[in-house]
Structures are given as structure tokens and as C-alpha cells.
Amino acid sequence: GNASNRCVYEQPVSFSVSYSEIYLIKCSLFIIHVSVQVQQILRERFCERRLPDRLEGVEAQYKHLLELLRRTAIHGESNSVLIVGPRGAGKTTLLQCVLRDLQKEEKVQKNLLQVHLNGLLQTDDRIALKEITRQLHLENVVGDKVFGSFAENLAFLLEALKKGNRSSSCPVLFVLDEFDLFAHHKNQTLLYNLFDVSQSAQAPIAVVGVTCRLDVLELLEKRVKSRFSHRQIHLLSSLNFTQYLERVWTQLSLPDSFPDKKFAQEWNAGVKTLCEDKSVEEVLQRHFNSSKDFRSLHMLLMLCLSRVSVAKPTIKPADLLEASRMCFADTTANMLHGLSILELCLVIAMKHLNDVYEGEPFNLQMVHNEFKKFLHRKSNSMYNFEQPVVMKAFEHLQQLELIRPVDGSSAKVQREYQLMRLTLDHSQIMEALQKYPQCPTDIKQWAMSAFG
Amino acid sequence: MEVLYHFFHRNLEELLKCIFRSLLVMFWCFEMTRFEILMPVCFSSFAISVEGLSKIIINTGQDIFIEGCDEDNPYVAKVTRLYGDGESYSHKLGFVQWFIRVSELPVNKLKLLGREPHPQEIFYYECRNCDNEVNVESILRPVKVKHLDSNDPFPDSADKDTLYVKLSWDSKVFRVVNSTVVESPAEPAPASSPPSCLKPSLPMSPSCSQSAATPRGPSRRTPANVEAESLHSATKLSASKCLSAKRRNATARTPGVRKRLELSSECLHKDFKMQPLCRTREQQGYIYISNTKSYHHFLTVSLIFLQISPGTPQTPRHATPSIPIRSLQTQQPANILEEARARLHVSSVPESLPCREQEFQDIYSFVESKIVDNTGGCMYISGVPGTGKTATVHEVIRCLQHAADMDEIPSFHFIEINGMKMTDPHQAYVQILQKLTGQKATPDHAAVLLEKRFSNLAPRKETIVLLVDELDLLWTRKQNVMYNLFEWPARRHARLVVLTIANTMDLPERIMINRVASRLGLTRMSFQPYSFKQLQEIIMSRLNKLKAFEEDALQLVSRKVAALSGDARRCLDICRRATEICEHSAADPSSTGLVGMSHVMEALNEMFSSAYITAIRCASTQEQLFLRAVITEFRRLGLEEATFQQVFVQHQALCRIEGLKPIGVSEGLAVCQRLGACRLLLLEPSHLGVLQRIRLNVSQDDIFYALKAD
């Protein structure tokens, strides 16, 4: 297949083509088609656009949540629950899967209204109430004014919920994403009222909060806390490295339903050999040590996938290594590569000042003196610069936020004497120097010397 | 005299019930001596006249409009008796039979009607304990009330002044009303025929012009030669329109346009044999004097209101918010565990509240006594969340409502507001007004209307029981909301009972300024957290002999909750969760089908155990190392705070010890941020980079414990 691909891409197709060439073009078009499909399936998976058919490792939590919401939908039992887990642990995925499976049930289908709120979007109760009214399609009942005042809205919504009862009104599911942010709203009015409804004989509602904060209950006011049912579903994955590897394998492999069986088999075999590779295992181990969450894994696999092309329809260990290198790249150290020699010298001078004064803040004058000492002592390749030039370089470093003014010292002080701190670690400076293109040797030596 | 006697005699029984004790004494005097001593005098009609306008004559048996809170919809009533009181009978009162408008009906009772009410429909009001005595001054004008059979359609009439009666309303049910009860016996006397002889009436006093609805007092004597103001143009408006326009003008009046408005009441006797006396001036009103000499009185009625009640802004149509109806019926509980779960849900209303008998009794007798005595009062109820404060008050109200239905106590109006269910403390006024009258108003306007309502002798008043939940949220800088809530019950005519609920026992001392705390009074009650025995009893009573729990399991739950908070909600929630766990483990052959100790233990663990330990155990290797690095750095510094840079040095060292490849700064920051997002660490804003300071949000022991167990 490789040869024919190259054919398509490297040579312009002539108008007088032979029969064999037409065959080759057909083949290559087919391969392009397959390749597009592979990209689509895997990208949807990695970008979390498509829910997994079955959740792994969280069966108990899945069952708990499903049962709870089903009871709300079918029995009209009001409930409240919090899903707590670190970022990327699959909280939203869990909830979405439960809702998807719940909607498949006939009894539930038309019996559950959903309201989705996000603490980052609905930043106060006023906005949240409007959003609830809108999502429940109650706004056309309000009358001529689409939305009244905040107070009217609240009274209106509470009235609506109060009118209902357990057996006759349609259950409402409230999903509060970034739940902890709702706890910062004034008086926690929204939370109090939602939980209060869930604990009184009004319209049946289920309140599902999604948050990554483990201390979320401490944020709730005591009355709100008392009304919350204290159900918490924790998503803390205790998966080990073997399971992690398996997960990588399942994430990369193509489903049985893939149209081209032969290609799928080849691809899956390729993935299997990839996972068994020693260097790949090492890289994945490192990732696993760093974080267990699936979002960062997906990020890594996405980088690998983007290196797959029609010309190279497999993932090689080298791709994974390269992707891993990109993932772990130190962004600040990379920024140092773009500095001028003068700026780099200033950074080194700051490092020495930090060493001498144990992290005390410095100002431009001190840095310049340190730099001049270096020039005076052993510089061969560098010349002294004018004060304004050094100042400009210093300001550029500040703009890049490599240095940061000490709080409260700004404004009144002359710029040369403004106290600054270096926001770089020594290891970052040394690493940057190693990779800096054509770095003068004496500067390297200066940086490495124990004192200025 | 004879006529009058009969008149009195017939109504004596009714009068005895209604009039003040002092009056009664006078009647007794009258009965016994038949001498003319100072006593109330009955009239068969009054006349009210406005300068330059046709006058209005009010007869007994006539239907009238009476000044109310809402200018567009004044109260409707039928005059049953008119009489004068006080010295020289200058203070004129009337007894009326009330009609009630659709807008005055409690909103939630409207559905009892079973049909859309006609806008001009009114109901014959049969209520025993309502105040049916009015100041004649508050009468606006006559109105036509027509009785319709309950099946007749409402006539299409554009006449706004004709109202229709079909049913009667006794605050509980609608009944068909007899036409003889409703229809006026006599048409209003033609106002256009002034009597030929007149006598100068007494001029009015400006002191009367403060508020017509102020209670009767001895200071009603009218000094002579004081002019009241009038409209500056004598239009051909009807007197009542003139009057209401007058009232509107009163706010914007200027001293330059003072003219006279003279209103005189005319007392007419039942026999209607008037003797015109004399007529002095065109502008003055008329007074009829009866031929019975002893009843010659010069009476004036002032009809000036200074209090303006602007038309309340009403929403064009009442939105009826509701959640859509479910398409499929709810399933009934299928087995014992499901049944138990339904009963244990906090929302299910128990038949009785166990363990709060004493508190129930206290609140009940407090409210009952206030209702029976027609007085007002405040009560402050405190207790930690979940101790049944609101539930007990609701229970009390339910019982009282039942008693009122049984006619054991006078009926009352229950209103509930909740500080947490409003966006601003001043919304309390709006909500109270809305629930009281159905009116909508801005907070300031609502406060004015309520103030007026509670301070005036308003007709047709039931005792209002107001429950203010989460009182502490009604706190404002000036505390005027709280002040008003506690001030109103003390007013003489308010008939308001305020029950307030909050969490802290010392709220009055802590947040209230003296004048508010003083008005709240000392009637306080505190709900203690439930003891374990009480919690057990609560669950038992809810389960009501349903065998779903093992004895020990219940005891464990109640002991655990009693030790932690004494919150009944928590207790019920744990039990509910335990039934779920039991259901899931039902497949286990050893299970008895009852909720046992193990299930309860699991539920307790789920709800009360901290997730920090599990979270640390489930964290990635680098995250665990970072936590260790934080502790190491804290130990080295001897402080509970360090910058990321400092911790990172330790972290690199630990990596080497553990044989791991040291991580970069970016990766280290990411690890740190992840721990911060879970709140295992407390961090400064992330833009500070390596300079951000770190603190632990868990104890060092917890971290060691979690990491050692590995």
C-alpha cells in the first residue's frame, strides 16, 4: 500500500493513465477513505465526543447513580447526590452514560425533564434562575415579559415546583456542573431551594452536583447541608499499571464494526505490538506515574494519532516517544530558547543573586552589577551594554513573566530599583542553556560556576 | 320611639355580640329605664353630600361600596344598621353584611368554585368572626347588587356598578344563596330631590381628615367654622368619584386652591317623615331632622382621606406556573424495602410528630389563645437544622385549621415566608402582601400598604398567623424589616401572630438592635437536638410497624446521628441509603431481607467517612511523592507553608531516592495544581508559577496513614 500512496502524492496524475495506474489510484483512494475513518473514530474517542459503550472500573458508582435517577423518574422520589472526583476522572462521562442508558428505558423516556447548569456559566443565582426557567420552557408562561425581576423569577419557579406533587408532576433532573461554584452564590439561595424542594412533598426533583473538590460539603451553609442527602459518589480510580496499559490498548484499537475488517485486524495487531514495546511501556509508565486521569492519556494518544497519515497508517513507538516528549516539555524552559544573549546573561545573573541572597528579591541595578562583574572578570565574547539597553532587556523579561515584581513595591519606586523575583527554577535555566543554540562557552561556564 | 325600640329589640342579640362592652351597658340602661340617656342612636339612613354635587343617601338595606385598600375595587357590603355614637352622636357607624369580591378570595380557594369567576361576581360573605362594623365615613357610594340563580348566565352588562351574587362564601365552601337575603329591600332614595327645608350642618373638622378608618375615639367632636378642602371645580362627577379624585389630589394639593367640601350626614328615620328645617347656603349640605324631637342631631360626616392608595399595579394575567404533568403514572412501591424507603423519605408527611409533643403543645396554645382573644403576638423558635421546627409549626397550623373547620375556634389566615426563599429581605413585604391580598407591589409600596392594613381598623379581618422561617436572613443594616414584623403584632387592630424560626438561640441578642429585640419579646422556645431514643422513635413511628430494619441497626443509626448532630433528616437519609444497600445485597443467600448492621455500617461509612484518605491512596505516584515532599519541606522549615520552588527541590530529591526520573517544572506544577483542585493542597493563584505558596488541607498524620498502608 505504501508504494501506491507515494504514487498519488508525489506524482501528478497524468491524463493518459494505464489500466494498472487506475487500479493503483482506486486502491489509494480506498486507503485514504479508511484512514479518514480511523481518524474519525479515534478522534471522537479521544476528544470525548462519543460516550463509551460500557464504563470500566466504575460499575458500582454507575449502578448507584442509575438506580437513584431511575427511582426519581419512575417512583417520583426526590433525591440529591454529589459526584466527586479529581479532574479527568470521568465524572461527566459517568453521568452522561447513566442518562443515556436511562433514556433508553421506555418508562423513563418522556418522564424526565433535564436542566443542566454549570457553575462557570451561571455565575450567580439570577442567571441560573433564568436558565432554569428557559430550560424548563416556563418562560412563555411568565406572560408578556419574558423574564421578570430576580425576585419574581425565584417566586415563580418555587411556585411552579410547589404546585407539583410526587405522583402527578414530571420529575426534573437538575445537573449542577462545577457544583462548588454554586456554593459561593449569595446566601446559597439556589442550593437551599433546590435541596429544600428535594426534601419536601413538592414536584419530584433530583439534584446531581458534579465537582472535583473533596471538601465540598464544608462549603455548604449548615441549613443547606442539612437538606442535602449526603450521598456522595466518589470517582477515585485505583487502577494499576496493567489496567492502564489495557486501557491504552482498548482506546487505540478499532471496533469490530469497522467496515474494512482486514485493515482493522492489521491496525489492532499493530497496536498490540506497540503496547508490548519496552520503550513504549517505559513512556507510559512515566505518564501513569504522573497522572492516572484519562484526559491526559487521551491527550497523549491524540498527539500520536496526529502523526498517523495515509502514507504511514500505523503508530510506531517513535511516535509515542515524540508525543510524550511534547507532553512533558517544559514550557518556561522553552521560552528561554528565544531570549537574546543579553537577556540570558541577565537571567544567569539573577540566578547567582538568588543563590547568594537565598531567594531575596533583586532589582535591575543589582542584576546589572552582577553582569558587569562577570564581564570584568572573564568574559571574552561579551561586551558591556548601555544602561538603557539593559533596561530594555530587563523589561522584556518582565513582559514574558520570567520575572515578577514583588507585591506592593510597584508604582512609586523608580524602575531600576523596583524589586523583582525570578519565576524560574535553576534546573530550568540549566536545561535551557544546554539547548540554547550556539551559546558562548564562557557564559555556560559562568552559569555553572557556584558563585558569580 | 316605638319603632326604634322594636328595631333595637330585634337586633339586640346580634348587637350584644358585636358592640363593645360599654355600649352594652348603655343598652341595658335603655332597656330598663326607657329614659333618654346618652346612648347610640339608630338611623335608617345617612346622606352624604359633596359641594355642588348630588348627594348620596345611604339607607339601611342598601348595597354600598366601602373604602378599601384597593381603590379600583372597593369593598362591597349591604348596610344592616346605621347608628351614631359618642357625644352628640357625631361618630357614625354602620353595621354591614359583607360581600366578597373574587379578588379578595384566597387564591388557593378559587379552584373550589369549579368555574371561571365573572369579573363582576361577588359572594355573600358568611363569616362569624369578621368585623362587620364600619365607619360611615368610609362609605363611598351605593352600588347595585343583583342576585342571580346559580344556573343563570351572567348578563352582558357594561355597567361597572352592577355586581352579581350567585353564591355565598364562608371561608371554606361556596353555597347557593337565597335571593331574599341578597336583594336590597329598597332602591336607593333618589338623590336629586333635595328637601325643601334645611338646617345648617356643622362644619367639618380637619382632624377628621386624617384617616377615615381610624378607630372610634372620643376626640371626634367637630369644632366649628373649620373648612375642609374641596375640589376646586364643581364638576358633574358623582360624589364618590369626586371624593376619590379628591383623595388623589390631597398629596399634590396647594394651599391656594382651598375650597370647601362640605359633607353632612343626614339622619333619616325609618318612617321617612322628614321635616325640612331650614336652608342657609347653597354650598352646604343638607340635613334631615326627623319629627321625633329627641333625635334632632346635627351630624357631620367627614369623608376625607389623606392616605392615598394608588392603584396597585396588577399583572395583566396571572401566570400559572407549573411543571408539566408526567405522561406515565408513578409506580407504587413493590416490596417492603421500597415501601420503607418511601416512608422514610424526609418529604413524606407523618401523621404525627413524635418527640415534639411539649413544643407542639406550647406553640399550639400560644397561637390558639391569640386567635381566640383576637390579639397579636410574637414567638421566637430556635434550634439546629433538622430538629423539626418548621414541621412542628406546620403541624400546629394543621391542627388549628382543623379546629377552625370544626368551628371550635375562629378561622384564621396562615401565611408563610422564608428568608431563604427570597432574594432580598425587603421582598418579605411583597410576599406577605401577595399572600394576604393577591396584590403585587414593589417592596416599598407593599410596606406602606401593610403598614396601613395593620394599623387601621380595617373591615373584615381575620387573625393572620405569619410564619417567618430563616429569620436571620431578613437582617438588614437598619433592621427595618425585622422591626416591622415585630411591631405590627403589637398594634391594636392588627390581629397578627408572628412565629419566627431561626437556627441560633441567641439571635435576638446577637444581631438585633435593642428596639427590635424588645419588640420580639420573651416568648421563646428552643428545639433541642434529638437524642438517640427520640431518633429511634421517629424512625419507628415512620415505619409504622413495617418490619424492614433489625433492631440493632436502628439503634446504631440513631446513636451515631445523635452523637454527631441530632439531625433527623440525616437519620432518615442514612436509613434510606441502608435500604438501598440491603436491596443490592439481596442476592446474598445469608441475607434475611431485613436491613442489618452491615448495611447500616456501609451507609454510615459512605456518608461520614472522609474521602481524603482514599483520594491520597488513589493519587498517582508523583502526586503522592509531592505530598511527601510538602511534608518534608514543612519539617525542614518548621512552618506550615512553603513555596512551590522549595517543595520542588524536595520533590526532585525524593524522585531520586525512589528511583524515578525527576520531572520537569511544568509537570511538577501540573501535579501541584491537580492536588490543589481536589483541595488536598491549598494554593495561591496559579499565575504566580513557582512562587506560589502551598499549604496542606489535610493533616500530616492522614497523609502518612494513607501512604503507609500501601
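The values are calculated or read from the model by the stated rules, or taken from the named source; none is laboratory data. Computed from a predicted model, the values in this text were never measured in an experiment. Please note: Cβ atoms are built from the backbone with ideal geometry, for glycine as well, and neighbour counts cover all protein chains shown.
Summary table
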item: Sole residue being touching a residue at least 40 places away in the same chain (Cβ under 8 Å), in contact with a Phe, Trp or Tyr (Cβ under 7 Å, 6 or more places away or on another chain) and either facing chain B (nearest Cβ under 9 Å) or among the β-branched types (Val, Ile, Thr) (or both), chosen from A:Val115, A:Val98; result: A:Val115
item: Subset of segment A:64-82 that is more than 20 Å from A:Phe182 (Cβ to Cβ) and either at pLDDT 95 or above or not in a helix (DSSP H, G or I) (or both) - its residue that is nearest to the other protein chains (Cβ to nearest Cβ); result: A:Gly76
item: Search result, residues across segment B:650-687 that are under 18 Å from A:Met335 (Cβ atoms), part of a helix (DSSP H, G or I), of a type outside the set (Ser, Thr, Tyr) and free of Cβ contacts under 8 Å to residues at least 12 places away in the same chain; result: B:Ala670, B:His687
item: Filter pass, A:Ser237 being among the hydroxyl-bearing types (Ser, Thr, Tyr), over 28 Å from the mean Cα position of the chain (by Cα) and outside any helix (DSSP H, G or I); result: no
item: Subset tally (residues that are under 30 Å from B:Lys661 (Cβ atoms) and either outside the structural domain of A:Asp319 (by the TED database) or of a type outside the set (Lys, Arg) (or both)) for segment A:255-288; result: 16
item: Residue pairs meeting the criteria (Cβ under 9 Å; at least 6 apart or on separate chains; first more than 19 Å from B:Glu339 (Cα to Cα) and modelled with pLDDT of 70 or more, in segment B:589-600; second part of a loop (DSSP other than H, G, I, E, B) and acidic (Asp, Glu)); result: B:Met597/B:Glu550
item: Lone qualifier among A:Lys351, A:Lys373 - being surrounded by fewer than 18 Cβ atoms within 10 Å (Cβ to Cβ) and of a type in the set (Lys, Arg); result: A:Lys373
item: So A:Lys312, is it within 14 Å of chain B (Cβ to nearest Cβ) and outside any helix (DSSP H, G or I); result: no
item: For B:Asn480: the one exception among (1) free of Cβ contacts under 8 Å to residues at least 60 places away in the same chain; (2) within 12 Å of chain A (Cβ to nearest Cβ); (3) surrounded by fewer than 23 Cβ atoms within 10 Å (Cβ to Cβ); result: (2)
item: Residue within segment B:338-346 that is surrounded by fewer than 20 Cβ atoms within 10 Å (Cβ to Cβ), within 14 Å of chain A (Cβ to nearest Cβ) and more than 30 Å from B:Asn503 (Cβ to Cβ) present; result: yes
item: Residue under evaluation B:Glu451, criteria (1) part of a helix (DSSP H, G or I); (2) surrounded by 19 or more Cβ atoms within 10 Å (Cβ to Cβ), criterion not met; result: (2)
item: Test: residue in segment A:253-272 that is within 14 Å of chain B (Cβ to nearest Cβ) and either touching a residue at least 60 places away in the same chain (Cβ under 8 Å) or not hydrophobic (A, V, I, L, M, F, W, C) (or both); result: no
item: Qualifying residue in segment B:579-586 (condition: free of Cβ contacts under 8 Å to residues at least 40 places away in the same chain, more than 8 Å from chain A (Cβ to nearest Cβ) and over 30 Å from B:His345 (Cβ atoms)); result: no
item: Long-range neighbours under 7 Å by Cβ, at least six apart or interchain, first residue more than 14 Å from chain B (Cβ to nearest Cβ) within segment A:45-63, second of a type in the set (Phe, Trp, Tyr); result: A:Leu55/A:Tyr62
item: Total residues in segment B:321-352, condition touching a Cys at 6+ places or on another chain (Cβ under 8 Å) and assigned to a loop (DSSP other than H, G, I, E, B); result: 4
item: Answer residue from segment B:608-619, given it is at the interface with chain A (Cβ under 9 Å from one of its Cβ atoms), crowded, with 19+ Cβ neighbours inside 10 Å and in contact (Cβ under 8 Å) with a residue 12 or more places away in the chain and is farthest from B:Ser565 (Cα to Cα) among those; result: B:Ala619
item: Flag if B:Tyr530 is at pLDDT 90 or above, within 11 Å of another protein chain (Cβ to nearest Cβ) and either over 30 Å from B:Gln652 (Cα atoms) or surrounded by fewer than 21 Cβ atoms within 10 Å (Cβ to Cβ) (or both); result: no
item: Any hit, segment A:407-423, residues being closer than 21 Å to B:Val665 by Cβ, assigned to a loop (DSSP other than H, G, I, E, B), in the same structural domain as A:Asn354 (by the TED database) and among the β-branched types (Val, Ile, Thr); result: yes
item: Checking B:Arg674 against (1) more than 18 Å from A:Gln285 (Cβ to Cβ); (2) surrounded by fewer than 21 Cβ atoms within 10 Å (Cβ to Cβ); (3) within 60 Å of the chain's Cα centre (by Cα), the condition it does not meet; result: (2)
item: Residues of segment B:398-411 classified as touching an Asp or Glu at 6+ places or on another chain (Cβ under 8 Å) and free of Cβ contacts under 8 Å to residues at least 60 places away in the same chain, total; result: 2
item: Residue under evaluation B:Ser699, criteria (1) within 9 Å of chain A (Cβ to nearest Cβ); (2) surrounded by fewer than 19 Cβ atoms within 10 Å (Cβ to Cβ); (3) over 21 Å from A:Arg87 (Cβ atoms), criterion not met; result: (1)
item: A:Arg286 being in contact with a Gly (Cβ under 8 Å, 6 or more places away or on another chain) and assigned to a helix (DSSP H, G or I); result: no
item: Restricting segment A:160-217 to residues that are touching a Pro at 6+ places or on another chain (Cβ under 7 Å) and farther than 19 Å from A:Thr133 by Cβ, the residue that is nearest to the other protein chains (Cβ to nearest Cβ); result: A:Cys212
item: Residue in segment A:108-118 that is in the same structural domain as A:Leu220 (by the TED database), part of a helix (DSSP H, G or I) and buried (at least 18 other Cβ atoms within 10 Å of the Cβ) present; result: yes
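A quick yes/no check of all residues on (1) over 22 Å from B:Thr643 (Cα atoms); (2) in contact with a Gly (Cβ under 9 Å, 6 or more places away or on another chain); (3) free of Cβ contacts under 8 Å to residues at least 40 places away in the same chain:
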site	(1), (2), (3)
A:Leu364	yes, no, no
A:His376	yes, no, yes
A:Ser381	yes, no, no
A:Glu386	yes, no, yes
A:His396	yes, no, no
A:Glu401	no, yes, yes
A:Arg404	no, yes, yes
A:Lys412	yes, no, yes
A:Glu416	yes, no, no
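Here is a yes/no grid of residues against (1) of a type in the set (Ser, Thr, Tyr); (2) more than 14 Å from chain A (Cβ to nearest Cβ):
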{"site": "B:Thr437", "(1), (2)": "yes, yes"}
{"site": "B:Thr442", "(1), (2)": "yes, no"}
{"site": "B:Ser455", "(1), (2)": "yes, yes"}
{"site": "B:Leu473", "(1), (2)": "no, no"}
{"site": "B:His493", "(1), (2)": "no, yes"}
